[in-house]
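S.K.: Please read through the structure below; I'll follow up with questions.
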Amino acid sequence: MKYGFIGCGNMGYALAKALACRTMDILICDPILGAERANTLGCQEGTVQEVAENCDRIFIAVKPNMVREALLPVQAVLADKKPLLISMAAGLEIATVEKYAGTTLPIIRIMPNTPVSVGKGMIGYTPNGLVPEDALRSFLFDMKNAGLWEQVEEELMDTVSALSGSGPAYVYYFTEALCRGAESCGMDQDQALRYAIATLEGAAEMMKTGNATPEQLRIAVCSPGGSTLAGLKALDDAGFSDGVAECVKAAYRRNKELAKM
């Protein structure tokens, strides 16, 4: 097989779905969801041993505290075959994954986010020095349907995790709050959600396609003495800006803690 997945939870499955747009040469191992998800994607299910023995590129898609346990039984196979490992474990450095694998081998550390499931992911990645350029290009081509891939230095991966990895949750939380506010002013739940989603999409597109900074765009919406400034003042009074910055820093600190567990 070309690709294997050790673990196939929500994030692993989202990546497998994106990958399945390019190839069905996929073997999935997950003790709970493996059969169901392999059947849904039209690929094959197998054991950890079968993934290690038969796959050239292996996603390590288990929780960070389970990576060592997942790789320990197949260390001998990994040492013999030297497959490409793709790790998405938050907080775990490439050197740590290599230690758990019990050998030196090519590794790409990635940090995806849940929008990969709709082809709109923001995925930071960093390869170690053993990943051949052609293998990296081939991998990125196979994964192009997941979203936007950007190479970063490994020291920034915990920041990537705190920003884009966790970021969708912050956006959903903000959207929930927007809708609650609109509902308290008379809108029903469905209408409030439609307006909130369309507003977020439009604002994101303006930031993406224009030359203005988020600050400049924010100022452009505000009329002196108007309702937008009144709303922003309420956010400032509630500590919104500092709270959002702190949530990213808190997630970053947690990633550092995970590396020590």
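S.K.: How long is the chain along each principal axis, judged by its Cα atoms, biggest number first, in Å?
M.R.: 70, 36, 33
S.K.: Now for a different question. Extension gain E150-I219, at 0.36 nm per residue separation less the Cα-Cα distance, in nm? Present the calculation step by step, with values, prior to reporting the outcome.
M.R.: Values: separation 69, 0.36 × 69 = 24.84 nm, distance 2.97 nm.
Between E150 and I219, full extension yields an extra 21.9 nm.
S.K.: Rounded to whole Å, give me the distance from the Cα center of region 3-39 to that of region 194-261.
M.R.: So the separation of the two Cα centres works out to 34 Å.
S.K.: Roll a 1.4 Å probe over the protein heavy atoms and report the accessible area of E215 in Å², nearest 10.
M.R.: Ignoring ligands and nucleic acids, E215 comes out at about 110 Å².
S.K.: Take the Cβ-Cβ distance between F141 and R180 as r, set R0 to 30 Å, and report the resulting FRET efficiency rounded to the nearest 0.05.
M.R.: Details: r = 43 Å, r/R0 = 1.43.
So the FRET efficiency works out to roughly 0.10.
S.K.: Counting just the Cα atoms, what span does region 1-112 cover along each of its three principal axes? Round to the nearest Å and put the largest first.
M.R.: 34, 27, 25
S.K.: Given an 8 Å cut-off on Cα distances and at least 6 residues of separation, report the relative contact order of region 44-96 as a percent. Mind dumping the intermediate values first?
M.R.: Details: 43 pairs, mean separation 24.6, N = 53.
Across region 44-96, relative contact order equals 46 percent.
S.K.: If you put +1 on each Lys and Arg Cβ and -1 on each Asp and Glu Cβ, how big is the dipole of the chain around its Cα centre, in Debye rounded to 20? Let's see the in-between values first.
M.R.: Working: 24 positive and 31 negative charges, 26 e Å.
Using Cβ point charges on Lys, Arg, Asp and Glu, the chain gives about 120 debye.
S.K.: Follow-up. Taking only the alpha-carbon positions of region 222-261 and ignoring solvent, what does the Debye formula give for the base-10 log of I(q)/I(0) at q = 0.30 Å⁻¹?
M.R.: Those come out to -0.89, one per q.
S.K.: Another question about this same structure. Compute the relative contact order of region 44-145 as a whole-number percentage, counting only Cα pairs closer than 8 Å that sit 6 or more residues apart in sequence. Write out the running numbers ahead of the final one.
M.R.: On the way: 141 pairs, mean separation 21.8, N = 102.
Relative contact order, region 44-145: 21 percent.
S.K.: Which number comes out as Rg/Rh for region 48-105 once both Rg and the Kirkwood Rh are worked out on C-alpha atoms? Don't skip to the answer; put the middle values down first.
M.R.: Values: Rg = 10.1 Å, Rh = 11.1 Å.
Taking Rg over the Kirkwood Rh, I get 0.90.
S.K.: Of the heavy-atom accessible surface of region 159-225 (probe 1.4 angstrom), what whole percent is carbon and sulfur? Intermediate results must be reported in sequence, preceding the final value.
M.R.: Details: 2960 of 4860 Å².
That share works out to 61 percent.
S.K.: Whose amide H sits under 5 Å from the amide H of G4, counting only residues 5 or more places off or on another chain, with H placed in the peptide plane?
M.R.: HN-HN under 5 Å from G4: L27, R57, I58, F59.
S.K.: For A212, what is the net charge nearby, where nearby means another residue's Cβ is under 15 Å from its Cβ and Lys, Arg count +1, Asp, Glu -1?
M.R.: On the way: positive: K208, R218; negative: E205, E215.
Summing Lys/Arg as +1 and Asp/Glu as -1 gives 0.
S.K.: Would you mind counting up the charge near P106? Only other residues with Cβ under 12 Å from its Cβ, with Lys and Arg at +1 and Asp and Glu at -1. Walk me through the numbers before you get to the answer.
M.R.: Numbers: positive: R57, K81, K82, R109; negative: D56, E98, E133, D134.
Neighbour charge sum, excluding P106 itself: 0.
S.K.: Carbon-plus-sulfur fraction of the accessible area of region 1-98, 1.4 Å probe, in percent? Let's see the in-between values first.
M.R.: Numbers: 2030 of 4220 Å².
Carbon and sulfur atoms account for 48 percent of the accessible area of region 1-98.
S.K.: Can you tell me, using C-alpha contacts under 8 Å and at least 6 residues apart, the relative contact order of the chain as a whole percent?
M.R.: About 16 percent, as a whole number.
S.K.: In Å, what is the Rg of the alpha-carbon atoms in region 145-261, and how long is Dmax?
M.R.: 17.0, 52
S.K.: Let me ask another. Ignoring ligands, DNA and RNA, what accessible area per residue does the chain give at 1.4 Å, in Å²? Provide the component values of the computation, followed by the final result.
M.R.: Working: 14470 Å² over 261 residues.
On a per-residue basis, the chain sits at 55 Å².
The values are calculated or read from the model by the stated rules, or taken from the named source; none is laboratory data. Please read all numbers here as calculations on a predicted model, not as lab measurements. FYI the Cβ positions are ideal-geometry reconstructions off the backbone, even for glycines, and counts take in every protein chain you see. Note: accessible area is taken over every heavy atom of the protein model, side chains too, but ligands, DNA and RNA are not part of it. Shrake-Rupley method; radii C 1.70, N 1.55, O 1.52, S 1.80 Å.
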